[in-house]
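Data first, discussion second: the structure below is written as structure tokens.
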Amino acid sequence: MTVAAYKRILLKLSGEALMGDDAYGINEEVVSRIVAEIAEVVRLGVQVGVVIGGGNIFRGMKGAASGMDRATADYMGMLATVMNAMALADAMRRLDVPARVQSALRIDQVVEPYVRGRAIRQLEEGRVVIFAAGTGNPFFTTDTAAALRGAEIGAQIVLKATKVDGVYTADPHKDPDAQRYHRISFDEAIGRNLAVLDATAFALCRDQKLPINVFSIFKPGALKRVVMGEDEGTLVHS
């Protein structure tokens, strides 16, 4: 019997991942493929929490830079994550993967409010719990929400899904000699100024001794390989 290396994970998905090669919005084909990868992990018996971004719909920082009040822009970004979470949950339903959306902002007619105990119970019952609206507060990124929710639900690892298959010594798109780190400590990542997560999220994971694995969500089977403990992406550890 195949045994996963982790019983409970927190997967951080960017909003941009959902739009594929489109300029904006939600690409149904891409969402279906991502959900199929998540479903494969769920079938292994792994409890999966997901934090989703909203950059494919609205980028708070961009709104702030163009003159919009930063807090207002961030709240709009949180609402975008709710839309993405609903799209993910609907795609999971079509694949017979039970899922619930919990929002840090109260929108009771649409999704459940975030309640830690309820989220843990749903995870234990085999449902994927999608955490929307970030932390519910402006000025915090969805990276920070991922670290926070991961710590709250007792996840064993935070998996950051990106377009690049790990953390490199330099930008692999610009430097052909860039090397991927297979494993690196939190202190080494700080010393080398590696952008693994934003500073607040990174510090929270370090303090809670919550490891991070950065991998490519566009690499077929990568999520399962990470969950199985194989050498995929970059593992940042204590």
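The values are calculated or read from the model by the stated rules, or taken from the named source; none is laboratory data. If you're wondering where the values come from, they're calculated on a predicted model, not measured in any experiment. Glycine also receives a Cβ, built like all others from the backbone with ideal geometry; neighbour counts cover every protein chain displayed.
Annotations
- Looking only at the stretch 20-42, and only at residues there that are free of Cβ contacts under 8 Å to residues at least 40 places away in the same chain and in contact with a Leu (Cβ under 9 Å, 6 or more places away or on another chain), the one that is nearest to ALA5 (Cα to Cα): VAL30
- Filter pass, ILE120 being of a type outside the set (Asp, Glu), out of contact with any helix residue (DSSP H, G or I) (no Cβ under 8 Å at 6 or more places or on another chain) and more than 18 Å from ILE217 (Cβ to Cβ): yes
- The stretch 5-41, residues that are at pLDDT 95 or above, of a type in the set (A, V, I, L, M, F, W, C) and either part of a loop (DSSP other than H, G, I, E, B) or surrounded by fewer than 19 Cβ atoms within 10 Å (Cβ to Cβ) (or both): ALA5, ALA36, ALA39
- For the stretch 115-129, a residue qualifies if it is closer than 16 Å to ALA104 by Cα, out of contact with any strand residue (DSSP E or B) (no Cβ under 6 Å at 6 or more places or on another chain) and not in a helix (DSSP H, G or I), and exactly one does: VAL115.
- Among the residues of the stretch 95-145, those that are farther than 14 Å from GLN47 by Cβ and among the β-branched types (Val, Ile, Thr) comprise VAL101, ILE107, VAL110, VAL111, VAL115, THR135, THR141, THR142, THR144.
- Among the helices (runs of 4 or more DSSP H) confined to the stretch 144-238, the ones with at least 1 residues that are within 14 Å of the chain's Cα centre (by Cα) are located at 199-207, 222-227.
- When residues of the stretch 153-189 are limited to those that are crowded, with 16+ Cβ neighbours inside 10 Å and more than 26 Å from PRO220 (Cβ to Cβ), the one modelled with the lowest pLDDT: ALA189
- Residue identified as crowded, with 21+ Cβ neighbours inside 10 Å, under 19 Å from the mean Cα position of the chain (by Cα), touching a residue at least 12 places away in the same chain (Cβ under 8 Å) and over 17 Å from MET19 (Cβ atoms) among ALA85, ALA89, ALA80: ALA89
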